[in-house]
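Engineer: For reference, the structure I am asking about is given below.
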Amino acid sequence: MNIADRIQELRKKKGYSQEELAARLGVSRQAVSKWESEQSIPDLDKIIAMSELFEVTTDYLLKGVEPVSATNKKTVWTLSAGLFCLFAIVAGIFSFAANRFRWDECLFLILAAGATGWLCARVILVINGMFFHKK
């Protein structure tokens with residue numbers, strides 16, 4: 001997919017006609033038509049304006065590649081909560097099964113294991129951010 005295809009796809013996703021996009025960017029409809037038919041390329045200021053209008057990066061418009069960004073909040077929460085629960089459940093099963101701890105000691109072990117799971121999730125996210133960037 002090239003820049004012309006991306007402009008057209010993003011315009012259609014937003015529900016804009018060529019005329020509407022042109023009006024928002026301060027250009028003629030023919031200019032938008034030429035961009036989408038690969039007859040010309042938008043100026044840098046128009047690429048920046050389109051990236052803001054379409055809520056994408058200029059890298060995406062120009063190259064079709066989104067940079068690796070910070071992991072979204074939902075993913076962070078899901079991973080953290082998931083590992084918290086997993087570690088806590090495993091600790092709970094083993095502490096109750098061992099039959100060596102009082103209930104308050106079991107509760108402490110469950111919470112400590114959950115906190116360890118939470119921290120493991122954060123470490124995974126940091127390592128992922130450092131070492132696994134898309135090219």
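The values are calculated or read from the model by the stated rules, or taken from the named source; none is laboratory data. Note that the coordinates shown come from a computational prediction; the quantities given were computed from them, not determined experimentally. Please note: Cβ atoms are built from the backbone with ideal geometry, for glycine as well, and neighbour counts cover all protein chains shown. SASA here: full protein model, heavy atoms, side chains in, ligands and nucleic acids out. Shrake-Rupley method; radii C 1.70, N 1.55, O 1.52, S 1.80 Å.
Engineer: Suppose R0 equals 22 Å. What FRET efficiency, 1/(1 + (r/R0)^6) with r the Cβ-Cβ distance, do CYS120 and ASN99 give to the nearest 0.05?
Structural biologist: For R0 = 22 Å, the calculated efficiency reads 0.20.
Engineer: In whole Å and largest first, what semi-axes does the C-alpha gyration tensor of the range 1-46 yield when each eigenvalue is scaled by 5 and square-rooted?
Structural biologist: For the range 1-46, the ellipsoid semi-axes come out as 14, 13, 9 Å.
Engineer: Right, something else. How big is the chain by the Kirkwood estimate over distinct Cα pairs, in Å?
Structural biologist: So the Kirkwood estimate lands at 18.7 Å.
Engineer: Taking the chain as the reference, fit the longest principal axis to its C-alpha atoms, fit the long axis of helix 44-54 to the helix C-alpha atoms, and give the angle between the two in degrees, 0 to 90, nearest 10.
Structural biologist: 50
Engineer: Check which residues have an amide H placed less than 5 Å from SER40's amide H, if you skip close sequence neighbours.
Structural biologist: Here the answer is TRP35, since their amide H atoms fall under 5 Å of that of SER40.
Engineer: Got a sec to turn the phi values of the range 2-18 into Karplus ³J(HN,Hα) couplings, 6.51 cos²θ - 1.76 cosθ + 1.60 with θ = phi - 60°, whole Hz, x for Gly and Pro?
Structural biologist: Per residue, the Karplus-derived 3J(HN,Hα) values read 9, 4, 4, 5, 5, 4, 5, 4, 5, 4, 5, 4, 7, x, 8, 7, 4 Hz.
Engineer: Counting alpha carbon pairs within less than 8 Å and at least 6 residues apart, what relative contact order, in whole percent, applies to the chain?
Structural biologist: Answer for the chain is 21 percent.
Engineer: Kindly write out, for the range 55-63 in residue order, the coupling ³J(HN,Hα) from the Karplus curve 6.51 cos²θ - 1.76 cosθ + 1.60 (θ = phi - 60°), rounded to whole Hz, with x marking Gly and Pro.
Structural biologist: Per-residue couplings from phi come out as 6, 10, 7, 5, 4, 5, 4, 7, 10 Hz.
Engineer: Lys and Arg at +1, Asp and Glu at -1: add these up for the other residues within a Cβ distance under 10 Å of ASP5 and post the number.
Structural biologist: Neighbourhood net charge equals -2.
Engineer: Could you give the accessible area per residue of the chain, probe 1.4 Å, as a whole number in Å²?
Structural biologist: 69
Engineer: Moving on. Would you work out what percent of the accessible area of the chain, with all protein chains in place, is carbon or sulfur (probe 1.4 Å)?
Structural biologist: Answer for the chain: carbon and sulfur cover 62 percent of the accessible area.
Engineer: Next question, about the same structure. Counting only helical runs of four or more DSSP H residues, what would the 222 nm mean residue ellipticity of the chain come to if each run contributes -39,500 (n - 2.57) and the total is spread over all its residues?
Structural biologist: After summing the helix terms and dividing by the residues of the chain, the value is -24000 deg cm²/dmol.
Engineer: Taking the 0 to 90 degree range and rounding to the nearest ten, how far is the long axis of helix 103-131 tilted relative to the main principal axis of the chain, both from C-alpha atoms?
Structural biologist: Tilt relative to the chain: about 30 degrees.
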